[in-house]
Amino acid sequence: MGIKLYRSTSPNVSTSTATLVGTYNTSSASGYSIIDSTVEGGVTYYYRALVFNTAGDSPLSSSDVVVIAT
């Protein structure tokens, strides 16, 4: 079970075209952190988190979160 974080420069983030920023597996770590170190200042990014189960399925998805890098 864990979380996959995706980034796009377009709203309504599609996991098929967005960049996978990182994956966090809750069964193998004690802390939680995904750092997106490839953003550029002045660009608007949209993020979406998907929760996946032990089978790798992603039945739950967050709404888009908008971030403007500075």
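The values are calculated or read from the model by the stated rules, or taken from the named source; none is laboratory data. Source: prediction; values computed, not measured. Reconstructed Cβ throughout: ideal geometry from the backbone, glycine too, with neighbour counts over all protein chains shown. The protein model used for the area step is the full one, side chains on, heavy atoms only, and it has no ligands, DNA or RNA in it. Shrake-Rupley method; radii C 1.70, N 1.55, O 1.52, S 1.80 Å.
Mind checking the per residue accessible area of the chain for me, 1.4 Å probe, whole number of Å²?
On the way: 4570 Å² over 70 residues.
Here the per-residue accessible area is 65 Å².
At a 1.4 Å probe, what is the % contribution of carbon and sulfur to the accessible area of the chain? Please list the in-between numbers first.
Details: 2380 of 4570 Å².
Within the chain, the accessible surface is 52 percent carbon and sulfur.
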Gain upon complete extension [GLU40, THR54; 0.36 nm per residue less C-alpha separation]: 1.7 nm
Cβ-based net charge around ALA69, under 11 Å, with every Lys or Arg adding one and every Asp or Glu removing one: -1
Two-site label geometry, LEU20 and VAL67: point separation in nm, points 7 Å out along Cα→Cβ: 1.8
Net charge of Cβ neighbours under 12 Å - reference GLY22; Lys, Arg +1; Asp, Glu -1: +1
With 5 Å bins from 0: P(r) over the chain, alpha-carbon pairs, percent: 4, 17, 26, 25, 16, 9, 4, 0
